[in-house]
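Below is one structure, written out as structure tokens; comments come after it.
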Ligand SMILES: NC(=O)c1ccc[n+]([C@@H]2O[C@H](COP(=O)([O-])OP(=O)(O)OC[C@H]3O[C@@H](n4cnc5c(N)ncnc54)[C@H](O)[C@@H]3O)[C@@H](O)[C@H]2O)c1
């Protein structure tokens, strides 16, 4: 799949991340079909996209979007509980809970339903992508990559694109990078590496966090002092512990 052939994006899971990713993709001009398992969840997803702090209407109020752009984005959004509605998607972004078996099962089901040329991506926080792709066809595995966003998606610019060496085709990698860039993200490329968890950003943060916890446990400095040092000495805008509190699931 070439970047210019991507028109419709299927979001699988409309929770914290799936909702945010749906929003940025709709704003980037893509038709979005967001699939979750219940109508109530999807109603909440829609409400979050439209009316919360990082939502589309707030963006209009504070002058980040004009109302024509907002209306265009809203009309790009579609919600469904029926997995078959994803059949004609050009590009899939999976954002179901962080459970390897669940993700493997979801992709196996999608592989049988979604058109063969579509690109598949996972927003896992750190599982090895080739393991998530274990049960898809050999062809689909060549069109498979990781696409790791950060929360809240409309506000956080970083995106890690993870390619499986010698498996993900260069065309797929470029397509995934391009979709991310069209949605306004700054992309870091990462090699999928068996035996690891966390790609780039989460691994580095976890290492810093381990060291900070040790400093805290040994009574060398307080949380507040660690955060002050990291904010004003290293330009980490929310330090170590403040960043832990700034997303719903901590360091994901
Ligand atoms: N929350 C974060 O800060 C963050 C950041 C980066 C990556 N992630 C990753 O993103 C993924 C999703 O995390 P989240 O925080 O959005 O979780 P969440 O619990 O808010 O949302 C997951 C959604 O998936 C739905 N779901 C479950 N099974 C499904 C299925 N078979 N088909 C379709 N939908 C299904 C659930 O109903 C729920 O709405 C995880 O892999 C997580 O590790 C999370």
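The values are calculated or read from the model by the stated rules, or taken from the named source; none is laboratory data. What you see is a predicted model, and the numbers here were worked out from it, not measured in a lab. With ideal geometry, Cβ positions are generated from the backbone for all residues, glycine too; neighbour counts draw on all protein chains shown.
Listing for the model above:
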{"quantity": "Check on residue 21, in contact (Cβ under 8 Å) with a residue 24 or more places away in the chain, surrounded by fewer than 14 Cβ atoms within 10 Å (Cβ to Cβ) and out of contact with any helix residue (DSSP H, G or I) (no Cβ under 7 Å at 6 or more places or on another chain)", "calculated": "no"}
{"quantity": "Per-region count, region 137-158, residues buried (at least 21 other Cβ atoms within 10 Å of the Cβ), within 16 Å of the ligand (Cβ to nearest atom) and in a loop (DSSP other than H, G, I, E, B)", "calculated": "2"}
{"quantity": "Enumeration of residues in region 25-46 that are out of contact with any strand residue (DSSP E or B) (no Cβ under 7 Å at 6 or more places or on another chain) and surrounded by fewer than 22 Cβ atoms within 10 Å (Cβ to Cβ)", "calculated": "28, 29, 37, 38, 39, 40, 41, 43, 44"}
{"quantity": "Index of the failed condition, residue 207 passing every other in (1) assigned by TED's automatic domain parsing to the domain that holds residue 125; (2) assigned to a helix (DSSP H, G or I); (3) away from the ligand (no atom under 14 Å from the Cβ)", "calculated": "(1)"}
{"quantity": "Condition check for residue 64: within 30 Å of residue 139 (Cβ to Cβ) and either without any contact (Cβ under 8 Å) to a residue 40 or more places away in the chain or part of a helix (DSSP H, G or I) (or both)", "calculated": "no"}
{"quantity": "Residue in region 159-177 that is farther than 20 Å from residue 133 by Cβ and part of a helix (DSSP H, G or I) present", "calculated": "no"}
